[in-house]
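These notes concern the structure reproduced below.
The values are calculated or read from the model by the stated rules, or taken from the named source; none is laboratory data. Just so we're clear, the structure is a prediction, and the values are computed from it rather than from any experiment. Note that we place each Cβ from the backbone using ideal geometry, even for glycine, and neighbour counts take in every protein chain shown. Areas reflect the complete protein model, heavy atoms only, side chains present, ligands, DNA and RNA absent. Shrake-Rupley method; radii C 1.70, N 1.55, O 1.52, S 1.80 Å.
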Amino acid sequence: QTRSLLGVFEEDAAAISNYINQLFQAMHRIYDAQNELSAATHLTSKLLKEYEKQRFPLGGDDEVMTSTLQQFAKVIDELSSCHAVLSTQLADAMMFPITQFKERDLKEILTLKEVFQIASNDHDAAITRYSRLSKRKENEKIKAEVTEDVYTSRKKQHQTMMHYFCALNTLQYKKKISLLEPLLGYMQAQISFFKMGSENLTEQLEEFLTNIGTSVQNVRREMDCEVENMQQTIEDLEVASDPLYLPDPDPTKFPAHRNLTRKAGYLNARNKTGLVSSSWERQFYFTQGGNLMSQARGDVAGGLVMDIDNCSVMAVDCEDRRYCFQITSFDGKKSSILQAESKKDYEEWICTINNISKQIYLSENPEEIAARVNQSALEAVTPSPSFQQRHESMRPAVQSRPPAARTSSTGSLGSESAALSALSLDSLVAPDTPIQFDIISPVSEDLPGQAKSSGQSGRRTNPFGESGGSKPETEDSILHQLFIVRFLGSMEVRSDESPDVVYETMRQILAARAIHNVFRMTESHLLVTCDCLKLIDPQTQVTRLRFPLPNVVLYATHQENKRLFGFVLRTSGGRMESRQTSICYIFESNNEGEKICDSVGLAKQIALHAELDRKASEKQKEIDRVKEKQQKELNKQKQIEKDLEEQSRLIAASSRSNQSSTEGQFVVLSSSQSEDSDLGEDGKKKRESE
């Protein structure tokens, strides 16, 4: 019965221990939460006090907001103190009693249970040994020891059992105390906390909170009104911007602005990744003064791409992409190929960079000056009725009648030559002369005979210098200089005696390009040799045009814009087959106009010296041939004299016979006659004298 009753008490003690552990965890969570609340409240108060030290990018110095938050920080700091006091009270009145019961009383029950179990096992072992004592061989010493063990183990078991049973009975009372005392401490701590809170929340604080609540409602109403206005603005912008969502809007509805000196937007930049491979990267580009800047997404500021003062810009065909243009620096050492998103952006970028390259942005009213430059160009050049059809085929014809007053059509041309003002412009350039903006070989138009003689148009040249089966015509040329040029245009001229012809042609071609928005320029390699000038395709190495050097009668570079140069080619035939025609070709180089002209002049000098050397060589060969002929005649005369001496000896030896002598004379005479026929007129006279 005792063992059975003990089992019930032990089961009850285990249930109490399990329940107390769960209750302890719950109360510990309350205590931890209160500590976290106290720390968070203190941190909130600290952050509110530091608001006045913050520097918000969009927030100004709002003194009202700062003072309001300081008041809140003061109140919350007081609440934080109350929470700290509450945490201390919870630790003393709630956590300490239940912790003592869990750590001391429940562990004591477990310890006594283990000691009682050990004592019971020792008693059972002592009884077992005592029961094994033999009745035959009784040993008083062993019997006394076993009896002593039984006595000791029974006494120990009895004492342990009494302490264990007492602890189990006491546990029923301690259970009630351990449950009620922590709850009592928790409630008293909360009551004390609320009392401190009620003392801090005075009527003045309540009025302050009421005012703040009213302010918050006002701010909320203002926000709702602003959101409504923004929504209406968004709807209006969506309706107005619907055509702009197209990547390439209609240019008739959204024309390009050509008077800009500043431009910004996204462009695709071409980056070479290998010998023949490349990649395109989309970045934001903008102009800043005379510089072109770019800024990648995420960068704080933009970086310099290129100095576009005095640069050149042209439309290019690149990897079968639309709206590509190339910018080349003034020294030609750096270039970039960019792609615009639409035709409007494409034209605006080219016009803007052209305006910046003329340094119009340095003036006070750059857009007004740009508009004035375009207007002067419009007055200088008037398109012919058939210009549109010609422009569509990239061969536009422009009727150009220069005005009496010499007004520069573009800022890059600058002031014209003073000598040109004294000449009649009609004597330089014929009226109604079409302007050719694209490269078309004169072989196929005006020089059919040249095509047969030269055979160089459209011929592929080997870039590695290997001559396959045929020998290149410029292989023996002393001079080989290569320049990168862009063809601007060509037109027929009346005169080829003054450089003013080249200057006037430059003015008219550039003005026509500016007015009619012809931005595309064909880039080629100009090869200068002692025989000819060649325009070679840089991609295919095909000769586009060949200009015989003797036909280049005039060449000049612009007086101010050194990148512009041109030359006059005199050809036979043309629109009137009975006279020679002169065509002026205008090019743009990478700041190498003077070098190209010097190279052409050097080639003509080398060709002249080569011609003089050739004539001198031919004259020397003629003299050598005459001397050789005279030497042959002298050798023949010596041979004849030798034959005559031999014949004289034969005549003396054959004096015995007259008939033989007669035959010998006949032979001599016949031989002398045959020799006379070989000697010619002079030889005969000499022979007769001998």
* **Flag if Ala33 is in a helix (DSSP H, G or I) and more than 19 Å from Ile191 (Cβ to Cβ)** => no
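Residue-wise test of (1) over 26 Å from Thr88 (Cβ atoms); (2) open to solvent by 90 Å² or more (accessible area, probe 1.4 Å).
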position	(1), (2)
Asn169	yes, no
Lys175	yes, no
Glu199	no, yes
Met223	yes, yes
Asp248	yes, no
* Scan of the stretch 30-44 for residues that are without any contact (Cβ under 8 Å) to a residue 24 or more places away in the chain and of a type outside the set (A, V, I, L, M, F, W, C), ordered by number -> Asp32, Glu36
* Asked: So which residues in the stretch 301-322 are open to solvent by 40 Å² or more (accessible area, probe 1.4 Å), without any contact (Cβ under 8 Å) to a residue 40 or more places away in the chain and within 30 Å of Glu364 (Cα to Cα)?
  -> Ala301, Leu304, Asp307
* Answer with yes or no whether Lys113 is open to solvent by less than 60 Å² (accessible area, probe 1.4 Å), assigned to a helix (DSSP H, G or I) and of a type in the set (Lys, Arg). => no
* To do: Considering only residues that are over 30 Å from Lys334 (Cβ atoms) and in a strand (DSSP E or B), look in the stretch 484-542 and name the one that is most open to solvent (accessible area, probe 1.4 Å).
  => Glu492
* Structure fact -> Checked pairs for the stretch 608-627, first surrounded by 10 or more Cβ atoms within 10 Å (Cβ to Cβ), second modelled with pLDDT of 85 or more and outside any helix (DSSP H, G or I), C-beta under 8 Å and 6 or more apart or across chains, list as Ala610/Cys530
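Based on what the data block shows, is Leu179 at pLDDT below 90 and either farther than 21 Å from Asp12 by Cα or outside the structural domain of Gln34 (by the TED database) (or both)? Outline the logic, then answer.
Working: at pLDDT below 90: yes; either farther than 21 Å from Asp12 by Cα or outside the structural domain of Gln34 (by the TED database) (or both): no.
Answer is no for this residue.
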* To do: Within the stretch 596-620, count every residue that is hydrophobic (A, V, I, L, M, F, W, C) and out of contact with any strand residue (DSSP E or B) (no Cβ under 6 Å at 6 or more places or on another chain).
  => 7
* Asked: Somewhere in the stretch 43-50, is a residue assigned by the TED database to the domain that holds Met187 and surrounded by 17 or more Cβ atoms within 10 Å (Cβ to Cβ)?
  -> yes
* Among the residues of the stretch 102-109, is any assigned to a loop (DSSP other than H, G, I, E, B) and surrounded by 13 or more Cβ atoms within 10 Å (Cβ to Cβ)? -> no
* the stretch 483-519, residues that are more than 22 Å from Thr529 (Cα to Cα) and of a type in the set (S, T, N, Q) -> Ser495, Ser498, Thr505, Gln508, Asn517
* Test Gln188 against the stated conditions and say whether it is open to solvent by 60 Å² or more (accessible area, probe 1.4 Å) and in the same structural domain as Phe116 (by the TED database). => yes
* Assess whether Lys334 counts as being in contact with an Asp or Glu (Cβ under 9 Å, 6 or more places away or on another chain) and open to solvent by 60 Å² or more (accessible area, probe 1.4 Å). => yes
* Might you let me know whether the stretch 338-351 holds any residue that is out of contact with any Pro (no Cβ under 7 Å at 6 or more places or on another chain), part of a strand (DSSP E or B) and either closer than 29 Å to Leu244 by Cβ or of a type outside the set (Val, Ile, Thr) (or both)? => yes
